[in-house]
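S.K.: Once you've had a glance at the structure underneath, I'll fire off some questions.
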Amino acid sequence: MKDYEIYQLGDVKLQSGQTLPQAFLAYKTYGILNAAKSNAIVYPTWFAGLHTDNEWLIGPGKALDPNNYFIIVPNMLGNGLSSSPSNTPAPHDRANFPLVTIYDNVRMQHQLVTEKFGITKLALVVGWSLGALQTFQWGASYPEMVERIAPFGGTAKTRPHAQVVFEALIAALQADSNWKQGFYTRQPTAGLAAMGRAYAPWGFSQAYYLEQLYQAEGYLTLKSYLENYWDQVFFSFDANDLIAMLRTGINGDISATPADNGNLEQALNRITAHALVMPGSTDLFFTPEDSAYEVKHIPNAVFRHVESKWGHCFGIGANEPDSFIIDNHLKQFLQ
């Protein structure tokens, strides 16, 4: 039984100029929207994440408390629940699925929030990784609507080094002989395993591996950790879906609009919401240095880096001390 709802968007013209036919968003809500419609929070998902993966930050007594807030978690396009290569009818299915950008994701989320729920103000937009990119995009695209943004473990623009890593993940997957240019008849499992291995050194920090912190997750050796976790981590996803989300990440840039024409500083300056930017101290994808640069150009931003040895994955809710710090920062921010 599905624990989420579907919002139909019809045929959507994308930022690229292409059309995504019969587009839809899968989403889940937590809490009750108050009469004034002033307690809404949007919390987008991330690469290879589903709405359930965001639930670690939602709950009674937490910053995102459903007793106080109405929390909307829209699933990122391409994740297999919202419109994706695996669930879009031909001829736009599989490898023919068009490029969907962060801008496209947020524009469709805006349609969901305003047309489905009649919300005109958001108390907060928050997100991790590519969810953080969507959070920045909300602030830039709808400054009059968003009161606060709290991106963590992500930047407003994907830097070249992260783009190269994402391209490497795609290349690892496509090296599988069963890939067949994206028109496979069965999932390219060798490629999916290779993608996991390629992601492993970037998802976590050098210290994480040196100090064998994976042992706390139940893996006694590095070999067992790689084989029993990373070689299988992407098996629940369709290969084309993963590539679609990675391409969204590769093209992540809030300034890639006619209004800003690639001027990142200008786009950042347009974010008038109060901003809490929380990078992880050892994040190899979205570094604290990149976040510090962006904070300088957001008028009402504060920088709170999270000291963690969990690299980029400090924000997935798996390490309790990191989760406590993120939640505590959000509580103070919402007060």
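The values are calculated or read from the model by the stated rules, or taken from the named source; none is laboratory data. Values in this document were obtained by computation on a predicted structure and should not be read as measured data. All Cβ positions, glycine included, derive from the backbone under ideal geometry; neighbour counts span all protein chains shown. SASA here: full protein model, heavy atoms, side chains in, ligands and nucleic acids out. Shrake-Rupley method; radii C 1.70, N 1.55, O 1.52, S 1.80 Å.
S.K.: Using the eigenvalues of the Cα gyration tensor, what equivalent ellipsoid semi-axes result for the stretch 102-212 when each is taken as the square root of five times the eigenvalue, whole Å, largest first?
M.R.: In descending order the semi-axes read 34, 20, 11 Å.
S.K.: Moving on. Cα-Cα over 28 Å: which of Lys296/Lys331; Lys28/Lys121; Lys62/Lys121; Lys2/Lys180?
M.R.: As for pairs spanning more than 28 Å Cα to Cα, those are Lys2/Lys180.
S.K.: For the chain, what does the alpha-carbon gyration tensor say about shape, rounded, prolate or oblate, given a ≥ b ≥ c as the root eigenvalues, a/c under 1.5 as rounded, and a/b over b/c as prolate?
M.R.: The shape class here is rounded.
S.K.: By the scheme Lys and Arg +1, Asp and Glu -1, what is the net charge of all other residues having a beta-carbon under 10 Å from that of Asn87?
M.R.: -3
S.K.: In whole percent, how big is the carbon plus sulfur part of the accessible area of the stretch 18-127, probe 1.4 Å, protein atoms only?
M.R.: Here it works out to 51 percent.
S.K.: Using the heavy atoms of the protein chains alone and a 1.4 angstrom probe, what is the accessible area of the chain per residue in square angstrom?
M.R.: Per-residue value: 41 Å².
S.K.: Using a 1.4 Å probe on the protein chains only, how many percent of the accessible area of the stretch 190-335 belongs to carbon and sulfur?
M.R.: 53 percent
S.K.: List the aspartates and glutamates whose Cα lies under 19 Å from the Cα of Lys37, skipping any in the same chain that are fewer than 8 positions away.
M.R.: Within the straight-line limit of under 19 Å, Lys37 reaches these aspartates and glutamates: Asp65, Glu115, Glu144, Glu147.
S.K.: Longest exposed-loop-site-free stretch of the chain, with chymotrypsin sites (Phe, Trp or Tyr not before Pro), DSSP loop and at most 13 other Cβ within 10 Å?
M.R.: My reading of the result: 1-182 is the longest stretch.
S.K.: Same structure, new question: Excluding residues on the same chain fewer than 8 positions from Lys13, give the aspartates and glutamates whose Cα lies under 14 Å from its Cα.
M.R.: Asp104
S.K.: By the scheme Lys and Arg +1, Asp and Glu -1, what is the net charge of all other residues having a beta-carbon under 12 Å from that of Val73?
M.R.: Charge balance in the 12 Å sphere: -3.
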